[in-house]
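Participant: My questions all concern the structure below.
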């Protein structure tokens, strides 16, 4: 935590959210208190803990979100672990909505993702690498948006990577859904062609996608 918070401050970042996939997982009030106390001792950037959506991030049993919120969590999420059961996710969103907690979402279908590592396109064909198709993101995003609409919970989608996702999100916002999203800096500057000849520095998740996707993300950011 010291190195991360020091890096944040040196880059001008004064507040950070701590995701739930710590060791141990932030799924109890005791872990929330430990994270907050450690951050206070370090005295760098302010830390806002995110509680786990499900126990041990296993995607099965819901955490005690009331206790997590009381302990100081500003939101809940399952980090990069998929909640495969749509029923569990719906119940989790309903529960989070009761306590006015934002749900942080990772829109990536685990079955379509599989063991893929690059965008499905010209580069994956040339290099012979397993793919993570655009649909892995758009299918998962469609599910989350539908559940946000039925539960009324605030949702924040982490790390969009393709233009169609921006379109879906914009349409949802026009309909009044309480949803926002984020995109990483490298997805705004790089694309699948930067992989070149197996450049491992470009091995990111979600993968770098097409130039059109990069431009769509830039436009979405400009449009707000």
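Readers should treat all values here as calculations from the given coordinates under stated rules, not as data from a laboratory. Keep in mind that what you see is a predicted model, and the values were worked out from it rather than measured. Counting neighbours? That spans all protein chains shown, and the Cβs are built from the backbone with ideal geometry, glycine included.
Participant: Hey, with R₀ at 25 Å, roughly what FRET efficiency would residue 99 and residue 182 work out to, going by the Cβ-Cβ distance, to 0.05?
Facilitator: 0.65
Participant: Given the options 51, 77, 196, state which has the largest fluctuation in a GNM of the chain using a 10 Å cut-off (strictly under) for Cα springs.
Facilitator: Taking springs between Cα atoms under 10 Å, the residue moving most is 196.
Participant: Would you kindly give the portion of the calculated P(r) for region 96-156 that falls above 13 Å, as a percent of all Cα pairs?
Facilitator: 64
Participant: A further question follows. With no solvent and one equal point scatterer placed on each C-alpha of region 180-224, evaluate the Debye formula and give log10 I(q)/I(0) for q = 0.14, 0.18, 0.21 Å⁻¹, two decimals.
Facilitator: Per q value, in the given order, log10 I(q)/I(0) is -0.32, -0.50, -0.66.
Participant: State, as an integer percentage, the relative contact order of the chain based on alpha-carbon contacts under 8 Å between residues 6 or more apart. Display every interim value, and only then the final one.
Facilitator: Details: 411 pairs, mean separation 31.8, N = 224.
The normalised contact order for the chain reaches 14 percent.
Participant: Further, regarding this structure: Tilt of helix 134-151 relative to the longest C-alpha principal axis of the chain, in degrees (0 to 90, nearest 10)?
Facilitator: Result, in degrees: 40.
Participant: Hey, in the GNM for the chain with a 10 angstrom Cα cutoff, which one of 154, 209, 201 fluctuates hardest?
Facilitator: 201
Participant: Within the P(r) computed for region 71-194, what percentage of the Cα pairs occupies the region above 16 Å? Spell out each step's value before the answer.
Facilitator: On the way: 4805 of 7626 pairs.
Taking all Cα-Cα pairs of region 71-194, the fraction more than 16 Å apart is 63 percent.
Participant: Using 0.36 nm per residue of separation minus the Cα-Cα distance, give me the extension gain between residue 70 and residue 33 in nm, one decimal.
Facilitator: Net length gain for the segment: 12.3 nm.
Participant: Here's a follow-up. Per 10 Å bin, what is the whole-percent P(r) computed from every C-alpha pair distance within region 133-223?
Facilitator: 17, 48, 26, 8, 1
Participant: Tell me the angle of helix 163-174 to the major Cα principal axis of the chain, expressed in degrees between 0 and 90 and rounded to the nearest ten.
Facilitator: 50
Participant: Using 1/(1 + (r/R0)^6) with R0 = 25 angstrom and r between the beta carbons of residue 115 and residue 87, what's the FRET efficiency to the nearest 0.05?
Facilitator: 0.40
Participant: Given a 10 angstrom Cα cut-off, can you work out which residue in 143, 175, 81 is the most mobile in a GNM of the chain?
Facilitator: Fluctuation is largest for 175.
Participant: Let me ask something additional. Set the Förster radius R0 to 41 Å, insert the Cβ-Cβ distance between residue 142 and residue 15 as r into 1/(1 + (r/R0)^6), and round the FRET efficiency to 0.05. Could the numbers behind the result be given before it?
Facilitator: Values: r = 31 Å, r/R0 = 0.76.
The calculated FRET efficiency here is 0.85.
Participant: Say a paramagnetic label sat at a point 7 Å from the Cα of residue 164, along Cα to Cβ; which residues of region 103-123 have their backbone N under 19 Å from it?
Facilitator: 106-123
Participant: Quick check: residue separation of residue 223 and residue 174 times 0.36 nm, minus the Cα distance between them. What number comes out in nm?
Facilitator: That pair, residue 223 and residue 174, stretches by 16.4 nm at full extension.
Participant: Over region 85-169, calculate the relative contact order: mean separation of alpha carbon pairs under 8 Å at least 6 apart, over the residue count, as a percent.
Facilitator: Details: 109 pairs, mean separation 32.4, N = 85.
Relative contact order comes out at 38 percent.
Participant: Also, quick follow-up: Could you grab the relative contact order for region 143-224? Cα pairs under 8 Å, six or more apart, rounded to a whole percent.
Facilitator: 35
Participant: I would also like to ask the following. Quick check: the angle from helix 86-98's long axis to the longest principal axis of the chain, C-alpha only, nearest 10 degrees?
Facilitator: Tilt relative to the chain: about 50 degrees.
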